[in-house]
Amino acid sequence: MSFSFFKPFRPKTPLEHVKVVSKSLLALDTKTVAEVKALEKALEEVEKNFALMSQILSGDGEVEPNVEHVSQLTSEICKEDVLSLLIHKLPILGWEARKDLVYC
């Protein structure tokens, strides 16, 4: 009898990446000092998902980007209105997130 304490690894879909980025960008509206941890966590999520979205759009060094995933990602970015969120939150984002955003 085997027990699995960890969830099996399942890569996120482009839809899930966009939703996480959108939620994280909206979480950057915190105004109190007590929520600094939540702010840092949201920034980490944005940076991590920008890197993953960049990989979906341009592929990694060995594998070409999947046209279907690129199409899903771009349509979800437009549907969730993530571009306007990115423009408004650009001053808050860290250096790595800005750099990944430029390369997308």
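So, in segment 23-34, of the ones that are over 13 Å from residue 93 (Cβ atoms) and modelled with pLDDT of 80 or more, which residue ends up surrounded by the most Cβ atoms within 10 Å (Cβ to Cβ)?
Here the residue is 23.
Which residues, counting only those in segment 52-69, are hydrophobic (A, V, I, L, M, F, W, C) and either under 12 Å from residue 17 (Cβ atoms) or touching a Phe, Trp or Tyr at 6+ places or on another chain (Cβ under 9 Å) (or both)?
52, 53, 56, 57
Among the numbered conditions (1) under 15 Å from the mean Cα position of the chain (by Cα); (2) at pLDDT below 85, tell me where residue 84 comes up short.
Of everything listed in (1) under 15 Å from the mean Cα position of the chain (by Cα); (2) at pLDDT below 85, residue 84 misses just condition (2).
In segment 30-58, what residues are part of a loop (DSSP other than H, G, I, E, B), out of contact with any Leu (no Cβ under 7 Å at 6 or more places or on another chain) and polar (S, T, N, Q)?
32
Kindly check whether there is at least one residue in segment 55-66 that is at pLDDT below 85 and of a type in the set (A, V, I, L, M, F, W, C).
Scanning segment 55-66 turns up at least one residue that is at pLDDT below 85 and of a type in the set (A, V, I, L, M, F, W, C).
Could you tell me whether residue 37 is among the charged types (D, E, K, R), touching a residue at least 12 places away in the same chain (Cβ under 8 Å), over 18 Å from residue 102 (Cα atoms) and surrounded by fewer than 18 Cβ atoms within 10 Å (Cβ to Cβ)?
Here the answer is no, as residue 37 does not meet what is asked.
Could you tell me whether residue 76 is closer than 15 Å to residue 17 by Cβ, out of contact with any Gly (no Cβ under 7 Å at 6 or more places or on another chain), free of Cβ contacts under 8 Å to residues at least 24 places away in the same chain and not polar (S, T, N, Q)?
No, not satisfied.
Output yes when any residue across segment 46-63 is small (Gly, Ala, Ser), touching a Cys at 6+ places or on another chain (Cβ under 9 Å) and surrounded by fewer than 16 Cβ atoms within 10 Å (Cβ to Cβ), and no when none is.
Scanning segment 46-63 turns up at least one residue that is small (Gly, Ala, Ser), touching a Cys at 6+ places or on another chain (Cβ under 9 Å) and surrounded by fewer than 16 Cβ atoms within 10 Å (Cβ to Cβ).
The values are calculated or read from the model by the stated rules, or taken from the named source; none is laboratory data. Since we're looking at a predicted model, the values are computed, not measured. Here the Cβ is made from the backbone with ideal geometry for all residues, glycine too, and neighbour counts use every protein chain on show.
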